[in-house]
Amino acid sequence: MGGIDYPTALQRMADKEQLPEVGLQYESDAARIRLLYEIPLSGRPNRALEIVMGTKPVLPRTNWSSPVLVHDLQGAIGSDNAGEPGDRCKLPFADGSFDLVVMHRTLDAVANRTPSGEAQAYAAALLSEIHRVLRADGVVAGCATNRLARMLRGKGRAVRALSSAGGYRRLLARAGFSDIHMFNVLPGPDAPHTVLNMAPRAIRAFSRSKLHARRDYLSWVGYAMRRIATELTFDRWLADGLFFYSPKR
Amino acid sequence: MIPVVLRGMREHGLLRAGLDPDFHITLTQGDAIHVRVYEAGQLLYFLKCSRFNSLQDEYERHRQAREAFGSTVVPPRALFKTGEWNVIASVGVEAMPLRRARLFGDRRDREVVAAVEGFFRQQATLADSAHRAERAQRLAQSLVETLDRPGVTSLRERVMAPHAWDLVRELPNMPQHGDFVMSNLAWLQGRLMVFDYEDFGRIQLPGFDLTTLYLSLFEFEPSAVERLLRADDAELATQLPWLRPSCANLGLSLANMRALLPIHLAAFLSLKRNYGPAVRHIAERALLALDSSDNG
């Protein structure tokens with residue numbers, strides 16, 4: 001191809017582009033993160049709490065529809081203070097204070113900033129506290145890294161993940177949550193695009209369709225391997241990002 | 001959002017009371033969310049949900065397409081508002097995406113080729129000659145606005161070439177799908193299925209869908225634009241034997257298709273102006289390939 005400098009020409013064409021008033025509402029990653037945390041909601045939450053641990057909160061930068069209270073656990077459990085996990089995870093709020101509690105990668109931070117072997121206890125204590133501060137029908141929602149996926153992909157050592165889908169489900173159940181919904185979030189929690197229910201029959205149908213579309217670009221061995229993985233629904237264990245939510249019943 | 005949408009579905013009789021379906025969600029980069037609703041592994045519905053768009057126009061376009069193309073189009077079931085969400089519910093069809101190899105190359109499938117040719121034959125039956133000049137004028141105006149940018153003068157001249165517009169004014173109006181790309185085509189139990197009717201009928205220029213289908217086979221690579229302009233008839237007949245018959249079904253010659261190509265590409269960019277940068281980039285790159293083909 002000769003005669004034209006594509007990047008320059010494209011830039012010239014893009015110079016006049018402005019975001020239209022409608023049509024690109026979910027263009028930014030922040031807008032889609034907001035939408036992710038709106039998925040479980042029945043209406044606009046009046047009182048939202050985001051729990052972080054030495055990380056930047058995400059809800060305020062998504063232009064969330066109501067005021068968001070941010071609580072940072074760093075001082076309580078990220079320091080060398082003595083005390084049991086149950087005491088150190090106490091949230092300074094009355095019972096039934098919130099409609100929504102968001103923990104965007106908070107459990108990842110707990111895994112990475114607490115002593116090895118104690119992370120599960122801290123997470124369990126924190127989730128129990130969240131259950132306490134939620135009002136009836138209030139929702140806990142969060143994203144976390146899938147430890148099994150990281151181990152299977154050989155990336156387990158770089159960043160510690162607290163648990164895998166089943167483990168997060170058990171932690172939520174122990175904290176008192178019963179109606180637990182667990183999803184793969186692709187490509188990841190910080191730029192969500194696809195949210196896949198982890199129910200085997202639903203994910204199998206979806207994965208078959210996606211694999212079929214890629215068939216021309218795979219060797220027959222590659223296709224066969226992926227087809228087996230699809231039928232056994234391995235895909236759901238291989239996604240790094242998990243999204244979960246549970247209403248307090 | 002999901003509880004609100006499920007409640008709306010129950011209120012409109014789309015879900016049995018007590019059924020708690022599984023769902024997958026796609027967060028688009030536009031202004032809508034796509035939800036696939038499953039029961040026991042069966043895709044029940046495909047939902048398009050938007051807070052920012054009433055979806056009324058899209059629903060009407062979808063219904064018109066269903067009327068025009070019958071079983072090729074997934075039936076739209078309902079348009080409803082629930083809470084702050086507008087929802088189009090279509091019957092869920094877990095059709096397998098149409099693979100490129102079934103239309104291009106040595107392994108292409110005669111059944112699929114015949115179905116694609118048949119689609120264009122069916123499209124030609126929708127031809128309407130009323131108000132041709134006004135529609136051509138509106139299209140020209142929209143393309144002038146799309147190309148009203150610095151640095152693309154020669155491209156604009158090429159798109160607005162008088163001889164091509166003489167041809168446009170002679171051709172009948174024929175509602176085009178608007179996004180007739182491989183990812184919107186599927187194969188289900190021996191028949192072609194076409195999805196996504198957001199832009200159905202916005203373009204009425206014959207051959208537009210054929211051009212987008214051809215280019216999507218090559219992922220809108222600039223070389224595909226050059227190939228269509230320069231390849232000899234024998235080469236095209238060997239690799240894409242459905243191209244000439246499809247043109248003929250639309251009442252076009254291959255030479256006419258080539259003459260209309262700049263207008264088709266500019267119209268494609270015009271339709272994509274409200275899409276994200278990635279999609280616009282693809283459309284712009286294909287259009288700019290016209291300049292390259294002049295200079296190459």
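Just so you know, all these numbers are worked out from the coordinates, no wet-lab data involved. Bear in mind the structure is a predicted one, so any value in this text is a computation, not a measurement. When we count neighbours, we look across all protein chains shown, and the Cβ atoms used for this are built from the backbone with ideal geometry, even at glycine.
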(message) Compute the helix-to-body angle for B:208-217: its Cα long axis versus the longest principal axis of chain B, expressed 0 to 90° and rounded to tens.
(response) 80
(message) Let me check against my output: what whole-number percent is the relative contact order of region A:122-249, with C-alpha pairs under 8 Å and at least 6 apart?
(response) 42
(request) Calculate the spin-label point distance for A:ALA191 paired with B:GLU170, positioning each point 7 Å from the Cα along the beta-carbon direction, and give it in nanometres. (result) 4.9
(request) Could you work out how far helix B:110-124 tilts from the main Cα principal axis of chain B, as a 0 to 90 degree angle to the nearest 10? (result) 80
(request) Beta carbons within 10 angstrom, averaged per residue: use that to sort the peptides B:244-251, A:84-91, highest first. (result) B:244-251, A:84-91
(request) Take a quick pass over the protein assembly as shown and tell me how many lysine pairs come in under 29 angstrom between Cα atoms, counting only ones 8 or more apart or on separate chains. (result) 13
(message) Taking R0 as 56 Å, what FRET efficiency do you get between B:HIS34 and A:ASP87 from their Cβ-Cβ distance, rounded to the nearest 0.05?
(response) 0.80
(message) What is the sum of charges, Lys and Arg at +1 and Asp and Glu at -1, for the other residues whose Cβ falls under 14 Å from the Cβ of A:GLY176?
(response) +3
(message) Sort B:257-264, A:241-248 by packing, meaning the average of other beta carbons within 10 Å per residue, with the highest value first.
(response) A:241-248, B:257-264
(request) Identify the residues of region B:79-99 with backbone N under 19 Å of a label point that sits 7 angstrom from the Cα of B:LEU188 along the Cα-to-Cβ direction, or state none. (result) B:79, B:88-99
(message) Tell me the mean residue ellipticity at 222 nm calculated for chain B from its helices only (DSSP H runs of n ≥ 4, each -39500 (n - 2.57), averaged over every residue, nearest 500).
(response) -14500 deg cm²/dmol
(request) In whole angstrom, note down how far apart the Cα centers of region A:156-235 and region B:134-157 are. (result) 46
(message) Nothing charged except the Cβ atoms of Lys and Arg (+1) and of Asp and Glu (-1): what's the magnitude of the dipole of region B:253-296 about its Cα centre? Round to the nearest 20 debye.
(response) 200
(message) I want the local charge near B:ASP109. Using Cβ-Cβ distances under 12 Å, sum +1 for each Lys or Arg and -1 for each Asp or Glu among the other residues.
(response) +4
(request) Compute the long axis of helix B:56-69 from its Cα atoms, compare it with the longest principal axis of the Cα atoms of chain B, and write down the angle in degrees, 0 to 90, nearest 10. (result) 70
(message) Around A:THR106, under 15 Å between beta carbons, what's the net of Lys plus Arg minus Asp minus Glu among the other residues?
(response) 0
(request) Quick one: dipole size for region A:89-185, taken about the Cα centre, charges +1 on Lys/Arg Cβ and -1 on Asp/Glu Cβ, in debye to the nearest 20. (result) 600
(message) Which one, B:PHE200, B:SER129, B:LEU143, projects farthest toward the positive side of the charge dipole computed for region B:117-213 from Cβ point charges (K/R +1, D/E -1)?
(response) B:SER129
(message) Tell me the mean residue ellipticity at 222 nm calculated for chain A from its helices only (DSSP H runs of n ≥ 4, each -39500 (n - 2.57), averaged over every residue, nearest 500).
(response) -11000 deg cm²/dmol
(request) Using a 10 Å cut-off on Cβ to Cβ distances, tally the other chain neighbours for every residue of A:37-44 and report the average as a whole number. (result) 5
(request) For region A:128-217, build the charge dipole from Cβ charges (+1 Lys, Arg; -1 Asp, Glu) around the Cα centre, then report which of A:HIS131, A:THR194, A:TYR217 sits farthest towards its positive end. (result) A:TYR217
